[in-house]
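First up is the structure itself, then whatever we jot down about it.
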Amino acid sequence: MEQKSPPSNTSDPRDDQTARLVPIPARGQPELSTLRQVRKEMAALYHAAQRGDISAEELKGSIYALSQIAKLIEIGKLEARMDALEKMATAGDRAH
């Protein structure tokens, strides 16, 4: 029996003829520690969906997860700024 090569990328990782699960090549892990990196990954996923490399459902889930990461980055920045302001205020109180 002839082996069918696995699809390059599909929303259901199954061989169309045998219904067996086939591996989907993993992408490298993108660095997502800055808002710029998150935006870059969102754009890459959008373009992948436009090419048909990922499904709209995969895009939706990934964009949601990336949006949550972006929110956490923003919250972290705000916390750092608040901490700095609180330290300045405390230092100012001690000076008086």
| message | Using all alpha carbons of segment 35-95, what is the percent of pairwise distances in each 5 Å bin, ordered from the shortest bin to the longest? | response | 4, 18, 17, 14, 11, 8, 8, 6, 6, 4, 3, 2, 0
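Counting other C-beta atoms within 10 Å, which of Glu58, Glu86 has the fewest, and how do the rest follow? Show your work: numbers first, answer last.
Values: Glu58 16, Glu86 10.
With the fewest neighbours first, Glu58, Glu86 line up as Glu86, Glu58.
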| message | Placing +1 on the Cβ of each Lys and Arg and -1 on the Cβ of each Asp and Glu in segment 35-95, which of Ile63, Gly76, Gln37 has its Cα farthest towards the positive end of the resulting dipole? | response | Gln37
| Any idea what the dipole of segment 35-95 comes to, in debye rounded to 20, about its Cα centre with Lys/Arg Cβ at +1 and Asp/Glu Cβ at -1? | 220 debye
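Coordinate-derived values only; no laboratory data. What you are looking at is a predicted structure, and each value in this text was computed from that prediction instead of being measured. Please note: Cβ atoms are built from the backbone with ideal geometry, for glycine as well, and neighbour counts cover all protein chains shown.
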